[in-house]
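Each remark here refers to the structure printed beneath this line.
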Amino acid sequence: MTKHVVTRFPPSPTGNLHIGGARTALFNWLLARSQGGKFILRIEDTDVERSTWEMTEGILESMRWLGMDWDEGPYFQSQRLDVYNEHIERLLASGKAYYCQCSADEVEAMREEARAKGLKPKYNGRCRELGLGPGPGRVVRLKAPLDGETGFEDLVRGYNRVDNRELDDFVLRRADGMPTYNLAVVVDDALMGMTHILRGDDHMSNTPKQVLLYQALGFDLPSFGHVPMILGPDKKKLSKRHGAMSVLEYRDRGYLPQAVLNTLVRLGWSHGDQELFEPEELISLFSLHNLGKSACVFNPEKLDWVNSQHIKNSPPADLVPLLAEQLQRKELPVPDAAYLEQVIPLLQPRAATMADMADQAAVFVLSDEDIAYDPDLVGKVLTAEVRPHLQALIERLQGLASFDQSALEESIRAYLEETGIKFKLLAQPIRVAVTGKKASPGLFETMEVLGKAHVLRRMERALQV
Ligand code: GLU
């Protein structure tokens, strides 16, 4: 019988959730969801000084926003110290771990000595055979094998091995009584039944140590997969400089969660040359075989493009709350949902983000009195030749019973025929009068959505500039 897949996301709440962490979460979530398995959230908050509740909340909010739901947790490592201690005691009792009284300075001196000899810097095992008991300032170290090698099969990178002489008796419990990352992560991953551990390859050097711990504790090894680091467009380590922000900043700037997921998944996973994916589709397509080995480049422009495509493909009703929120952020009026649902289809083809859409929606939500006319633009477009025509049109349109696109088109066409002028002469003046801008969505669609009263009021105002 194949084992039920169990994966996890174990962030440390010492910072916001960024692109890298969110991608790791996504791969683990997709693996669990695609296999009908379980996805566990665990907060690794043993670094008490640097962990904050605010960061934990931000991480949970980011996960919820991205739609990465979890089946268990969040567990908090800070509440599981007894569990770690129980396993540390077990290792001590079986002689697989020992107390060490060397001070941090002494250990640093040992490392320096090794470096001077051209060797890998490490603890030299001074307390290994001293049989020390507990005492103030003492740490617990693993009694690691002195020779042989430690290997594991990596799902992404193939077989990996290290010479055990490269490893040292690393610390399991610090002098302050807190377990180290390697100890806590192994105990938790084993007890919580993880079958697969996907994470960034910055953890590659921890994995052999963890393998030694699984062996010492008598736990079965999970499968490990290390995905390549995410780089910026200049192929250097990803940073703010490359426009990489926290997940919640993307939300606040009007990116859709499905677009962020879509962009994240392409950082290390592919399905032919398909670029656009809906979350449901990802769940059905995801497989470990398509995880790539080569470095992944995060390109903010690509995210903008992916976002614009997801905006285009969304039902307008789904975008209503997002647009409302962005309008509010920009301190623009927020009209009712039914009106926004009419405005959105006009802007969907042209918005990279929902913030961008809110900017473009301004002409639809501002009151007629708040539409600003640039006197230069009005002077240039509403010429003396054009003004009488606009005046005449106002009267015509006034008489329209229906103000939909076709009625508008028909009425204006009739006017052009009667006067013998070309639409080109009037199109831009009407646009500027109705929106205050040189560019807008289709003129008749815009007028229909705005409605008769507003269109006419704006045309009158423009003629007064
Ligand atoms: N808390 C660790 C981190 O955020 C977890 C690493 C792991 O996946 O084992 O880097």
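The values are calculated or read from the model by the stated rules, or taken from the named source; none is laboratory data. In this text, all values refer to a predicted model and were calculated from it rather than measured experimentally. Here the Cβ positions follow ideal geometry from the backbone for every residue, glycine too, while neighbour counts run over all protein chains shown.
Points to keep in mind about this one:
- Residue match in segment 45-57 (condition: in a helix (DSSP H, G or I), of a type outside the set (D, E, K, R) and within 16 Å of the ligand (Cβ to nearest atom)): yes
- Residues that are part of a loop (DSSP other than H, G, I, E, B) and charged (D, E, K, R), drawn from segment 392-409: Asp404
- Search result, residues across segment 432-454 that are surrounded by fewer than 20 Cβ atoms within 10 Å (Cβ to Cβ) and without any contact (Cβ under 8 Å) to a residue 24 or more places away in the chain: Ala439, Ala453
- Residue list for segment 20-42, restricted to those being within 26 Å of Lys237 (Cβ to Cβ) and among the aromatic types (Phe, Trp, Tyr): Phe27, Trp29
- Checked against (1) within 14 Å of the ligand (Cβ to nearest atom); (2) touching a Pro at 6+ places or on another chain (Cβ under 6 Å); (3) basic (Lys, Arg), Arg115 passes all but a single condition, namely (1).
- If you go through segment 179-193 and pick out every residue that is aliphatic (A, V, I, L, M), surrounded by 20 or more Cβ atoms within 10 Å (Cβ to Cβ) and more than 10 Å from the ligand (Cβ to nearest atom), you end up with 2.
- Within the option set Pro222, Pro233, Pro208, being within 15 Å of the ligand (Cβ to nearest atom), of a type outside the set (A, V, I, L, M, F, W, C) and over 25 Å from Asp71 (Cβ atoms) holds for one residue only, Pro208.
- Only one of Leu221, Leu212, Leu276 that is assigned to a helix (DSSP H, G or I) and modelled with pLDDT of 95 or more: Leu212
- Failed item in (1) away from the ligand (no atom under 11 Å from the Cβ); (2) more than 14 Å from the chain's Cα centre (by Cα); (3) buried (at least 17 other Cβ atoms within 10 Å of the Cβ); (4) not aromatic (Phe, Trp, Tyr), with Ala244 passing the rest: (2)
- For segment 1-35, residues that are more than 10 Å from the ligand (Cβ to nearest atom) and of a type in the set (S, T, N, Q) total 5.
- Applying the condition of being out of contact with any helix residue (DSSP H, G or I) (no Cβ under 9 Å at 6 or more places or on another chain) and assigned to a helix (DSSP H, G or I) to segment 279-298 and asking which residue is surrounded by the fewest Cβ atoms within 10 Å (Cβ to Cβ) yields His289.
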